[in-house]
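Novice: Structure in structure tokens, see below.
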Amino acid sequence: MIKKLDELAALVEGVVLGDGDVTVTGVTNIEDAGEQDITFAVPPHLEKAARCRAAAVIIPDSVTEYSKPAIRVANPRIAFTKLLELFTPPLQVERKVHPAAVVAPTAILGQNVAVMPCAVIADHAVIGDNTVIYPHTYIGQEAVIGQDTVLYPSVTVRERCRIGNRNIIHSGAVIGSDGFGFVTIGGEHRKVPQVGNVVIEDDVEIGANVTVDRATTGSTVVKRGTKVDNLVHIAHNVVIGEHCYLTAQTGIAGSTKVGNYVTFAGQSGSNGHITIGDHCVFAAKAGVTGDVPAGSFYAGFPARPHQEWLRAAVGMYKVNDIMKKVRELERRLAELEPK
Amino acid sequence: MIKKLDELAALVEGVVLGDGDVTVTGVTNIEDAGEQDITFAVPPHLEKAARCRAAAVIIPDSVTEYSKPAIRVANPRIAFTKLLELFTPPLQVERKVHPAAVVAPTAILGQNVAVMPCAVIADHAVIGDNTVIYPHTYIGQEAVIGQDTVLYPSVTVRERCRIGNRNIIHSGAVIGSDGFGFVTIGGEHRKVPQVGNVVIEDDVEIGANVTVDRATTGSTVVKRGTKVDNLVHIAHNVVIGEHCYLTAQTGIAGSTKVGNYVTFAGQSGSNGHITIGDHCVFAAKAGVTGDVPAGSFYAGFPARPHQEWLRAAVGMYKVNDIMKKVRELERRLAELEPK
Amino acid sequence: MIKKLDELAALVEGVVLGDGDVTVTGVTNIEDAGEQDITFAVPPHLEKAARCRAAAVIIPDSVTEYSKPAIRVANPRIAFTKLLELFTPPLQVERKVHPAAVVAPTAILGQNVAVMPCAVIADHAVIGDNTVIYPHTYIGQEAVIGQDTVLYPSVTVRERCRIGNRNIIHSGAVIGSDGFGFVTIGGEHRKVPQVGNVVIEDDVEIGANVTVDRATTGSTVVKRGTKVDNLVHIAHNVVIGEHCYLTAQTGIAGSTKVGNYVTFAGQSGSNGHITIGDHCVFAAKAGVTGDVPAGSFYAGFPARPHQEWLRAAVGMYKVNDIMKKVRELERRLAELEPK
């Protein structure tokens, strides 16, 4: 594909700065850009991009002079995303059931579905139109998968779970494993049957090797628009709100309710049976131990407001100095005191 | 299934409070209960359950008046578990080797075994009676799987590992991957062959995407009755005692010996080559760095007795105030001191 | 296999102490050693090994008297590794494409390759000589796998990723899942296409259930000789240097560049977009938040030099005592001050 800079600017609703006739054949990052690529830059990377090999650069519209042909836009990252979509069409996938796939006769497949070799679809499962199921993926009994969804290799969707439309489920993700529930009788941990399911709404992305446990009764829910990174654990009966980010290696314990637009940074976690309000942010490695009001930015373990935590985390390193000062004060004071 | 409350009370050895003729067709949690369901409640949820739609509620026998038909029992959670088992029989599984499974001619299968499509059983593996092997599960050469065990989709059991009776191994679990052992020779990390195996005793549950590494020599062991949650890592030559709980995302480093009835809460971890006594509890995110005596309750990193850690975790937030007080003391003291 | 101690000593370039005619049929650890096994010991385990059942012990050459037949060597661990290799040859693997494997007609397979049942190799993938692909492993379109590499069961290598020579990839590892990249437009998180790949160089080992995300553009790279333990997460556009150790459950956020010979201990992590110098060591659970100079040993979160962190971690536990002392000082000072 060959495009002139003018054409690309029109596509991303930007304004050309410099030569609009420059030709572009690809889009990539600053370091890898070749002489026919376009890249993007925001401060503090504008200078570096100006010196790279790229033919042109997408820059913020606040920049009015630039040493390379450029497209000025309100949000370079969004424009870059649009050009990535333009220059790199999705992989071609043959829309058929491969003869080495195993589809139960009672399963129902929509139009234009791809089921690749060694995928297994169990009895009474339902697969929506245009959905793509890669090799080694298992769809359990009575599970329902929506339309335009992609399940990459080795995904497990256990019985009766429901996956929405336009979902992307990455390799090794397990949807609907049993919740971790036991009662101890006479020193033995006896399993509490986990007879609920998992419901994943529309436009959700689930990362590689994520685990989402089925509910004891009822449903574990991940609401629409939420994005879950790799190796995240979501326990039974958890509800994750809409448009959340759960970054890699986060863990949410059982029955916790998370609001909308909540971000958990990497390796953070939440206690079970708590409620987290909308628009909260938890820093990396944070451990949430109780209810959190909407709009909070917390860090540490037990998690506290980020500014307080930051001061405390620095304060830790002052303790030994303080101890010295206190000893000195004790000495000086003893000298003043009547013997 | 339809049952009268009187019948259910007999089953769970409880006492009916109110109308014993009420009919029940299902069992679920308070929020999801419909008009023919039974649910359970313990303080502080008794009021909420009384107002929910359920036909009846299982309550502690200490409660003697209730506004809904109820069953009074010593332990409502145990009674609830029994009713879950009653109302939700396990999934029907066809007891046969599916033609799309691949079973080595030298493998030995017990009576009444299910091997689902795309499961692969390697040479000289042994599978016990009544065991169920889901699709995409791999049983390696000379591995031995006990009776009445369930291996969900995409489990890997590597060569010569031994899995006991009545085990449940969830999807994506890897049993017997190589331990992480190297010797560095001339700047290159050379692999130490990991020629031991993994032994998992009876009545163990292993969560989704758990990894249990094979021993360098000898065995990595998980003893009977232990329950392992999702995404836990158990390194080579570790021994986990009986009836332990390893909660999600816990990691146990190499050669550590864990006693019986030990609980690791979520995202906790242990150093290698240490010994942990029976009945220890480690709080979420704890990091154990040395031997721990039996009966300890530890938290933090390096892990210390929980009460000490709790005071220290609060103390961190006082450091800046203390610093201010110390400066004030210095000022006041200087005024008193002879110039 | 039966060997005399003299023969083994020659093999490991060591010196026999005691009877060189002792016969050895196996090699294992101190606890499991039987009467015809050899084991190894370094301080403080020399005494224990002397009392164990083993026929002989590999010991450091600094030890000149020993109560059992022994081999003295410079590095007992290296000698032990050589004997493990001698006594435990790798599993026999049939070098063929199993009829239940699914190999695209356009895929290219080298000499002496094993492709086991239910492995799936997609269009235009290339597999090097002597490489072994276990069941349920997926090699995506145009992916390239080097020579003498082993991919254990249920590995996913997504399209266009490149795996080097002499690699070992453990079960459940996912190479090339999409990076976690989104732009938020009107409250919806829109996916940034992840069109780069993953490049894993030679002599790398990747643990079970590890995830390595493909780059947004360009490549996520793991350089030669690096060893990655189980359940590690490597985000998009990360570069891991040569000969590193990433211990279990470590997470490296996007675009971070890690030098050579860097060690991340268990459950540690790094922020994204930072640079870490050669020969750094990060303690367990450390969280790196900014650039780190070569040769650093850091701990804690935010990570700081290990010695500082150690003092601070102890200091935390003194805060309440300090507070008491400060109150006492305030009281004493008030008594001295003029009313």
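Novice: 5 Å is the cut-off here: which amide hydrogens, built 1.01 Å from N in the peptide plane, fall below it relative to residue B:40, excluding neighbours closer than 5 in sequence?
Specialist: Under 5 Å from the amide H of residue B:40: B:30, B:58.
Novice: Roughly how crowded by other chains is peptide C:83-95, in terms of the mean Cβ count from those chains within 10 Å of each of its Cβ atoms?
Specialist: Numbers: counts 1, 8, 5, 1, 3, 5, 2, 2, 8, 2, 1, 1, 0.
Mean partner shielding for this stretch: 3.
Novice: Find every distance from the label point of residue A:96 to the corresponding label point in the other copies (7 Å from Cα along Cα→Cβ) and write them in nm, one decimal, shortest first.
Specialist: For residue A:96, the inter-copy label distances come out at 2.8, 2.8 nm.
Novice: Partner chain Cβ atoms within 10 Å, averaged over the residues of C:114-124 - can you pull that number for me?
Specialist: Other-chain Cβ atoms within 10 Å of each residue's Cβ, averaged: 5.
Novice: Output ³J(HN,Hα) for the range B:38-53: one whole-Hz value per residue in order, computed from phi by the Karplus curve 6.51 cos²θ - 1.76 cosθ + 1.60 with θ = phi - 60°, and x for Gly and Pro.
Specialist: For the range B:38-53, the Karplus-derived couplings read 10, 10, 9, 8, 10, x, x, 9, 4, 5, 4, 5, 5, 8, 7, 7 Hz, x marking Gly and Pro.
Novice: Work out the charge dipole of chain C with +1 on the Cβ of Lys and Arg and -1 on the Cβ of Asp and Glu about the Cα centre, then indicate which of C:239, C:317, C:303 is farthest towards its positive end.
Specialist: Positive-end residue among those listed: C:317.
Novice: Going by how many other Cβ atoms sit within 10 Å of their own, how do B:68, C:318 line up, fewest first?
Specialist: Details: B:68 19, C:318 16.
Ordered from fewest to most neighbouring Cβ atoms within 10 Å, B:68, C:318 come out as C:318, B:68.
Novice: In addition: Please list, by residue number, every one of the chymotrypsin sites (Phe, Trp or Tyr not before Pro) in the range C:40-142 that is coil in DSSP and has at most 16 other beta-carbon atoms within 10 Å. Mind dumping the intermediate values first?
Specialist: Working: sites: C:40, C:66, C:80, C:87, C:138; in loops: C:66.
Here no loop site has a sparse enough neighbourhood.
Novice: Which of C:16, C:92, C:109 sits farthest toward the positive end of the charge dipole of the range C:1-114, with +1 on the Cβ of Lys and Arg and -1 on the Cβ of Asp and Glu?
Specialist: C:109
Novice: Here's a follow-up. Classify the protein assembly as shown as rounded, prolate or oblate from the Cα gyration tensor: take a ≥ b ≥ c as the square roots of its eigenvalues, call it rounded if a/c is under 1.5, otherwise prolate when a/b beats b/c and oblate if not. Before the final figure, lay out the partial values.
Specialist: Working: a/c = 1.09, a/b = 1.09, b/c = 1.00.
Rounded is the answer for the protein assembly as shown, as its axis ratio a/c remains below 1.5.
Novice: Residue A:192's amide H: which non-local residues (gap 5+, or another chain) put their own amide H closer than 5 Å, with H modeled 1.01 Å from N in plane and none for Pro or chain starts?
Specialist: Counting only residues 5 or more places away or on other chains, the set is A:181, A:182, A:183.
Novice: Out of residues 5 or more away from residue C:251 or on other chains, whose amide H comes under 5 Å of its own, with H placed 1.01 Å from N in the peptide plane?
Specialist: C:233, C:268, C:269, C:270
Novice: Using just the alpha carbons, could you tell me how many Å³ per residue the convex hull of the range C:150-271 encloses?
Specialist: Numbers: hull volume 11.1 nm³, N = 122.
Hull volume over Cα atoms, normalised by residue count, gives 91 Å³.
Novice: Only bridges with both residues in the protein assembly as shown count here: give the DSSP antiparallel percent, nearest 5. Walk me through the numbers before you get to the answer.
Specialist: Working: 33 of 231 bridges.
If I count the DSSP bridges inside the protein assembly as shown, around 15 percent turn out antiparallel.
Novice: When a/c is below 1.5 the answer is rounded, else prolate if a/b is larger than b/c, else oblate, so apply that to chain B with a ≥ b ≥ c taken from the square roots of the Cα gyration tensor eigenvalues.
Specialist: Working: a/c = 2.94, a/b = 1.09, b/c = 2.70.
Because a/c hits 1.5 or more and a/b fails to exceed b/c, chain B counts as oblate.
Novice: Let me spell out the model: positive unit charges on the Cβ of Lys and Arg, negative unit charges on the Cβ of Asp and Glu, origin at the Cα centre of the protein assembly as shown. What dipole size does that give, in debye rounded to 20?
Specialist: Using only the charged Cβ atoms, the result is roughly 2240 debye.
Novice: If you don't mind, another one. Rounded if a/c is under 1.5, else prolate if a/b beats b/c, else oblate: with a ≥ b ≥ c from the C-alpha gyration tensor eigenvalues square-rooted, which is the range A:3-87?
Specialist: On the way: a/c = 1.22, a/b = 1.06, b/c = 1.15.
In terms of gyration-tensor shape, rounded.
Novice: For the residues A:11, C:83, what sequence is obtained by ranking on other C-beta atoms within 10 Å, fewest first?
Specialist: Least crowded to most crowded, the residues run A:11, C:83.
Novice: Rounded to the nearest 5, what is the percent of antiparallel bridges among the DSSP beta bridges in chain C? Provide the component values of the computation, followed by the final result.
Specialist: On the way: 11 of 77 bridges.
Percentage antiparallel, nearest 5: 15.
Novice: When the dipole is taken about the Cα centre of the range A:102-308, and only Lys, Arg (+1) and Asp, Glu (-1) are charged at their Cβ, what size is it in debye, to the nearest 20? Write down the numbers at each step before the final one.
Specialist: Working: 13 positive and 17 negative charges, 65 e Å.
The dipole magnitude comes to about 320 debye.
Novice: Right, something else. Hey, for residue C:43 with labels 7 Å out along Cα-Cβ, what do the inter-copy distances come to in nm, ordered shortest first?
Specialist: Relative to the other copies, residue C:43 has label-point distances of 6.0, 6.0 nm.
Novice: I would also like to ask the following. Taking GluC sites (Glu not before Pro) that fall in a DSSP loop and have at most 11 other Cβ atoms within 10 Å as cut points, what is the longest piece of chain C between them? Present the calculation step by step, with values, prior to reporting the outcome.
Specialist: Numbers: sites that count: C:35, C:65, C:94.
Longest gap between qualifying sites, sites excluded: C:95-339.
Novice: Moving on. Take every Cα pair under 8 Å in the range C:83-242 that's 6+ residues apart, average their separations, divide by the length, and report that relative contact order as a whole percent. Write down the numbers at each step before the final one.
Specialist: Details: 511 pairs, mean separation 21.7, N = 160.
Relative CO of the range C:83-242 lands at 14 percent.
Novice: So, by mean Cβ neighbours within 10 angstrom, what's the order for A:98-109, A:264-275 with the highest one leading? Working shown, then result.
Specialist: Values: A:98-109: 16.2, A:264-275: 22.6.
In descending order of packing, they fall as A:264-275, A:98-109.
Novice: What percent does the relative contact order of the range C:3-87 come to when contacts are Cα pairs within less than 8 Å and at least six residues apart? Show your work: numbers first, answer last.
Specialist: On the way: 173 pairs, mean separation 25.8, N = 85.
Relative contact order here is 30 percent.
Novice: Let me ask another. For the range B:197-209, what does the Karplus curve 6.51 cos²θ - 1.76 cosθ + 1.60, with θ = phi - 60°, yield as ³J(HN,Hα) per residue in whole Hz, taken in order and with x for Gly and Pro?
Specialist: Whole-Hz 3J(HN,Hα) from phi for the range B:197-209: 9, 10, 10, 10, 6, 7, 6, 9, 10, 10, x, 5, 6.
Novice: Please turn the phi angles of the range C:108-116 into ³J(HN,Hα) values with the Karplus equation 6.51 cos²θ - 1.76 cosθ + 1.60 (θ = phi - 60°), one per residue in order, whole Hz, x for glycine and proline.
Specialist: Once rounded to whole Hz, the list reads 10, 10, x, 6, 6, 8, 10, 10, 7.
Novice: Hey, another quick one. Taking the DSSP beta bridges in the range B:3-87 as the whole, what percent of them are antiparallel, to the nearest 5?
Specialist: Details: 5 of 14 bridges.
So the antiparallel bridges amount to about 35 percent of the total.
Novice: Give the residue from B:217, B:282, B:197 lying farthest towards the positive end of the charge dipole for the range B:188-339; charges sit on Cβ (+1 for Lys and Arg, -1 for Asp and Glu) and the dipole is referred to the Cα centre.
Specialist: Result: B:282, furthest along the dipole toward the positive end.
Novice: Distance between Cα centroids, the range C:55-81 to the range C:113-169: provide it in whole Å.
Specialist: For the range C:55-81 versus the range C:113-169, the Cα centre distance is 40 Å.
Novice: Could you list A:213, B:203 in order of exposure, starting from the residue whose Cβ has the fewest other Cβ atoms within 10 Å? Please report the intermediate quantities before stating the final value.
Specialist: Details: A:213 31, B:203 22.
Ordered by Cβ neighbours within 10 Å, fewest first: B:203, A:213.
Novice: Over the range C:240-285, calculate the relative contact order: mean separation of alpha carbon pairs under 8 Å at least 6 apart, over the residue count, as a percent. Write down the numbers at each step before the final one.
Specialist: Numbers: 119 pairs, mean separation 17.8, N = 46.
Result for the range C:240-285 is 39 percent.
Novice: Restricting to DSSP H runs of at least four residues, report the calculated mean residue ellipticity at 222 nm for the protein assembly as shown, -39500 (n - 2.57) per run over all residues, nearest 500 deg cm²/dmol.
Specialist: On the way: 15 runs with 159 residues, N = 1017.
After summing the helix terms and dividing by residue count, I get -4500 deg cm²/dmol.
Novice: Please compute the average number of Cβ atoms from other chains found within 10 Å of each residue's Cβ in peptide B:157-169. Write down the numbers at each step before the final one.
Specialist: Details: counts 2, 7, 1, 1, 0, 0, 0, 0, 0, 1, 0, 3, 0.
Whole-number average of other-chain Cβ neighbours for B:157-169 is 1.
Read the figures in this text as sums done on the coordinates, not as results from a lab. This one's a predicted model, so the numbers in the text were calculated from it and none came from an experiment. Using ideal geometry, Cβ is built from the backbone for each residue, glycine included, and neighbour counts are taken over all protein chains shown.
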